[in-house]
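A short write-up of the structure that comes next.
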Amino acid sequence: MAKAAKSSKSKKTVRNLETVIIEKEDGIAWCIFNRPEKRNAMSPQLHLDMNQALDELAIDPEVNVVIITGAGKAFSAGQDIRLYFRGTTEDPAKRHKAKHASHAWRWTKLASFPKPTIAMVNGYCFGGAFTQVSACDFAIAADDAVFGLSEINWGILPGGIVSWNVVEMMTMRDAMYYACTGETFTGKQASAMRFITKSVPKAKLRAETVKLAKLLQQKSPAALRYTKEGVRAVRYMSVDQAADYLNAKSDALKYVDKERSREKGMKQFLDDKTYRPGLGHFDRSKDL
Ligand code: ACO
């Protein structure tokens with residue numbers, strides 16, 4: 001089994017923004033929505049804080065993986081109906097700013113984040129919060145987490161890009177049913193309908209999430225970044241476009257990967273005979 005990257009070891013640090021806590025330890029950054037008394041409903045301030053957090057973490061050399069989760073019993077109860085909706089109704093400038101900030105971190109930044117991202121869904125996840133779950137590369141939920149497209153229950157539609165997110169992730173049948181009924185579903189059901197990567201018992205949620213983060217840290221960061229970019233990009237390409245894009249991307253990876261992972265992997269398999277690529281990862285900490 002390969003070791004984690006040498007550079008990922010760090011002491012735990014905690015930084016508090018107004019509505020988000022950023023904890024960093026062992027190469028993993030935890031972005032924790034911190035409005036537990038409001039079930040982590042997303043206020044305009046939370047959107048600004050998340051933009052700031054992701055901008056910092058994207059270029060933080062101590063951070064290899066980002067995990068997004070919520071304090072208390074909710075992941076996020078969606079947009080803050082008081083502060084995000086009612087609070088901006090009469091003020092177009094405020095509304096524009098909140099909307100822009102909301103879309104920027106939940107989709108634009110997260111879906112193209114240069115490092116792997118995991119949504120750890122610890123509890124309630126409603127409406128607008130589906131977008132950041134979809135944007136993260138992986139999502140692990142507690143079996144008993146409660147998901148809901150509750151928009152219909154208070155007279156709106158799953159806006160922003162939530163409707164797009166759910167038809168992209170779920171079957172049309174499931175997306176239509178849950179969008180039109182507002183019925184909730186559990187983490188276990190979310191996993192069965194492939195909206196998330198998997199669900200686990202709540203007592204194991206953190207450990208399972210950290211396990212995945214540690215596994216990801218064994219991989220070449222450049223190969224991982226290009227892999228996730230490639231998987232997303234080819235989705236809507238023709239086969240010929242995809243083949244051309246992936247050839248170019250593979251060539252570019254050789255140039256950007258300063259760790260020379262490809263050469264290390266080949267050497268450790270073919271010459272040193274120290275690992276089997278089919279069964280695990282090469283040792284990143286070893287020099288060529
Ligand atoms: N917007 C604003 N305030 C909220 C939201 C929200 N989305 N969710 C919870 N809160 C507030 C409540 O108003 C309450 O505030 P108060 O203490 O000042 O009265 C506090 O958070 C706690 O909420 P409770 O309802 O008391 O908590 P409970 O644990 O019983 O229920 C639940 C949690 C199920 C999440 C419930 O609060 C709820 O249904 N929230 C709304 C979910 C929703 O529909 N979100 C909007 C989706 S639409 C969109 O995102 C575009």
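Counting only protein chain heavy atoms and rolling a 1.4 Å probe, the accessible areas of Lys202, Lys109 rank, largest first, as Lys202, Lys109. What you get for segment 210-288, charging only the Cβ of Lys and Arg (+1) and of Asp and Glu (-1), is a dipole of about 400 debye around the Cα centre. Counting heavy atoms of the protein chains alone, Glu263 has an accessible area of about 70 Å² for a 1.4 Å probe. Sorting Lys38, Lys264 by solvent-accessible area of protein heavy atoms yields Lys38, Lys264, largest first, with a 1.4 Å probe.
Of the residues Val200, Thr108, Thr274, the one whose Cα sits farthest towards the positive end of the charge dipole of the chain is Thr274 (charges of +1 on Lys and Arg Cβ, -1 on Asp and Glu Cβ, taken about the Cα centre). Dipole orientation for segment 59-180: of the candidates Leu149, Phe85, Cys136, Phe85 has the Cα lying most toward the positive pole (charges on Cβ; Lys, Arg +1; Asp, Glu -1). Between amide H atoms placed 1.01 Å from N, distances below 5 Å from Ala119 occur with Ile68, Phe138, Ala139, Ile140, all of them 5 or more places distant or on a separate chain. The value for the chain of Rg(Cα) / (2.2 N^0.38 Å) is 1.05. Take 41-48, 154-161 and order them by the average number of nearby Cβ atoms within 10 Å per residue, most first; the result is 41-48, 154-161. Using a simple spin-label model with pseudo-atoms 7 Å out from Cα toward Cβ, Asp240 and Asp271 lie 4.1 nm apart.
How big is the charge dipole of the chain about its Cα centre, in debye rounded to the nearest 20, if each Lys and Arg gets +1 on its Cβ and each Asp and Glu gets -1 on its Cβ? Walk me through the numbers before you get to the answer.
Details: 45 positive and 32 negative charges, 135 e Å.
Dipole size: approximately 660 debye.
Among Tyr177, Tyr236, Tyr255, the residue with the largest mean-square fluctuation in a Gaussian network model of the chain, with springs joining Cα atoms closer than 10 Å, is Tyr236. For segment 151-234, what % of the accessible area comes from carbon and sulfur atoms, probe 1.4 Å? About 62 percent, which is the carbon plus sulfur part of the accessible surface. For the pair Lys258 and Ser285, the difference between a 0.36 nm per residue extended length and the Cα-Cα distance amounts to 8.4 nm.
Take the Cβ atoms of Glu183 and Arg232, set R0 to 22 Å, and the FRET efficiency comes out at 0.15. Taking all protein chains into account, the per residue accessible area for the chain stands at 52 Å² (1.4 Å probe).
The values are calculated or read from the model by the stated rules, or taken from the named source; none is laboratory data. All values derive from a computational prediction rather than experimental measurement. Counting neighbours? That spans all protein chains shown, and the Cβs are built from the backbone with ideal geometry, glycine included. SASA here: full protein model, heavy atoms, side chains in, ligands and nucleic acids out. Shrake-Rupley method; radii C 1.70, N 1.55, O 1.52, S 1.80 Å.
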